[in-house]
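See structure below.
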Amino acid sequence: MEQLVLLLSGFLLLSLIGMLVNGLFFPRFQKPIPDFTPLVSILVPMRDEERNVIPLIQNLQKLSYANVEYVLLDDHSSDSTLALAQAQTRHDNRFRLIEGVPLEKGWAGKVHACHQLSENASGDFLLFLDADARLQPDTIENFLPFFEQGKVQLVTGFPRFPVTSWLSKLLVPMQHFVIWLHLPLALANYSSYKQASAAHGAFMFFERNAYLSVGGHRAVWDSIVEDVHLAKVMKQHGFAVNLVNPTSYVTCHMYETNEEVWSGFLKNIYIGIGRSPWIVAGLTIFYSIFYFLPLPLALLAPFYGYWYILPLLLVWIQKLYVDLQTKQKAFLCLLMPLSALAFMVIMHASMWKSLKKEHYLWKGRAYK
């Protein structure tokens, strides 16, 4: 047992060092460029977003960047999304509201909506946002320097995630942890290796010509995880993708209820790992040993020695580091073993749903 504790502690210490080094490869923000003010189109698909639509528009109206247009698409909402948007933007000519055409066969709903938005955009740069995203007033001018001199064609990143329900506290911050731990950011940001790609659909900022040259969202027309797949398409065509840490500028109120968390992760997680049972098996073994097992070992400390707590302390330190870097609540690091358990449970549920050829349900639509 003592050897197990030592092995776990050694691996977790090396992993912590690796995470610290990995984080150095996030591109750094530069000062805004005063004479670089291209037209930016901010594009938002909305389906049953009456909870978000007014706060979203109010947030966009506070942006300090002047050369901007807003295009919002109502994707056949069954609630009052469109009426609320019309009322909120009535006296602001920067906003255009469009009603989506019927979903074409085989297309994923969000991808179809984003494709229509791109066809209605005039900007030199296209920023696709989710309706639950919120931006700091100076966001646009602080992101445009990434595109200077045509070095980068897509900038994306995982926003800050306020969490409310207990399941969101366990699962939503795991998105950042997985990036810091598993994604080689040097390859993601400084190579064309498409397998080292990540993106978050709540914030996808494209150089227009590059976006159009790869086919835009039409290139990933049937994808449920279109963000990652589109980042890979960009790299495949020789364009540079920057995955940044945008948590100082971008917030995403991703899910509000436990039911939304479950449905959202159930839809995305197995597809996001390539529908591979082998990857599920590997991740299950990995997280069981290195991120859940330290909890029961720590409970043995009163009987075998308090150094049995060391693996759990290292797990907490890893998670605390990521949480601090991503503006997350620091105390959530203490839940990391339970987060690992929840991650494994929903990963298996997502896999079995796919293997049984059952549909994933999201906002009234069914996906395979």
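With r defined as the distance between the Cβ atoms of GLU99 and GLN58 and R0 fixed at 25 Å, what FRET efficiency is calculated, to the nearest 0.05? The computed FRET efficiency comes out at 0.70. Backbone phi angles across region 6-16, fed through the Karplus curve with coefficients 6.51, -1.76 and 1.60 (θ = phi - 60°), yield HN-Hα couplings of 5, 5, 4, 5, x, 5, 5, 5, 5, 5, 4 Hz in residue order; Gly and Pro are listed as x. Net charge around ARG275, counting only other residues with Cβ within less than 14 Å of its Cβ (Lys, Arg = +1; Asp, Glu = -1)? Computed value for this residue: +3. A probe of 1.4 angstrom, applied to the heavy atoms of all protein chains, finds ASP124 with accessible area near 80 square angstrom. For region 169-183, backbone phi angles converted through the Karplus equation (6.51, -1.76, 1.60; θ = phi - 60°) give residue-by-residue couplings of 5, 7, 9, 4, x, 5, 4, 5, 4, 4, 4, 5, 7, 9, 8 Hz, Gly and Pro being listed as x.
Taking every alpha-carbon pair under 8 Å whose residues sit at least 6 apart, region 23-89 reaches a relative contact order of 43 percent.
Where the centre of each part is set by its Cα atoms, how far does region 71-85 sit from region 252-331, in angstrom? Region 71-85 and region 252-331 have Cα centres spaced 37 Å from each other. When the chain is described by a simple charge dipole with +1 on each Lys and Arg Cβ and -1 on each Asp and Glu Cβ, the residue from MET351, VAL228, LEU212 located farthest towards its positive end is MET351.
Report the charge-dipole magnitude of the chain in Debye, nearest 20, computed about the Cα centre from +1 at each Lys and Arg Cβ and -1 at each Asp and Glu Cβ.
660 debye
Assign one of three labels to region 248-298, namely rounded, prolate or oblate, based on the Cα gyration tensor with a ≥ b ≥ c the square roots of its eigenvalues; rounded applies when a/c is under 1.5, prolate when it is not and a/b is larger than b/c, and oblate otherwise. Oblate. Placing a pseudo-label 7 Å from each Cα along the Cα-to-Cβ vector at ARG218 and ASP35 gives an inter-label distance of 3.7 nm. Name the shape class, rounded, prolate or oblate, that the alpha-carbon gyration tensor gives for region 153-300, where a ≥ b ≥ c are the square roots of its eigenvalues, rounded holds for a/c under 1.5, and otherwise prolate holds if a/b is larger than b/c and oblate otherwise. Verdict is prolate for region 153-300.
With all protein chains in place and ligands, DNA and RNA left out, the 1.4 Å accessible area ranks GLU226, GLU259 as GLU259, GLU226, largest first. The angle between the Cα long axis of helix 336-355 and the longest principal axis of the Cα atoms of the chain comes to about 60 degrees, rounded to the nearest 10.
Normalised by the number of residues in the chain, the average gap of Cα pairs under 8 Å and 6 or more apart makes the relative contact order 20 percent.
At full extension, LEU324 and PHE303 could sit 4.2 nm farther apart than now, given 0.36 nm per residue minus the alpha carbon distance. Based on Cα contacts under 8 Å between residues 6+ apart, region 242-334 shows a relative contact order of 20 percent. Angle of helix 226-236 to the longest C-alpha principal axis of the chain, folded into 0 to 90 degrees and rounded to 10: 80°. Please name whichever of ILE42, ASN52, LEU183 sits farthest to the positive end of the charge dipole of the chain, dipole taken about the Cα centre and charges placed at Cβ: Lys and Arg +1, Asp and Glu -1. Of the candidates, LEU183 comes out farthest on the positive side. Largest to smallest in accessible area, the residues ILE54, ILE179 fall in the order ILE54, ILE179 (1.4 Å probe, all protein chains included). Could you tell me which of rounded, prolate or oblate describes region 39-132, using a ≥ b ≥ c as the square roots of the eigenvalues of the alpha-carbon gyration tensor, with rounded for a/c under 1.5 and, failing that, prolate when a/b is larger than b/c and oblate otherwise? Cα axes put region 39-132 in the oblate bin.
The values are calculated or read from the model by the stated rules, or taken from the named source; none is laboratory data. Note that the coordinates shown come from a computational prediction; the quantities given were computed from them, not determined experimentally. Glycine gets a Cβ as well: all are built from the backbone with ideal geometry, and neighbour counts include every protein chain shown. Note: accessible area is taken over every heavy atom of the protein model, side chains too, but ligands, DNA and RNA are not part of it. Shrake-Rupley method; radii C 1.70, N 1.55, O 1.52, S 1.80 Å.
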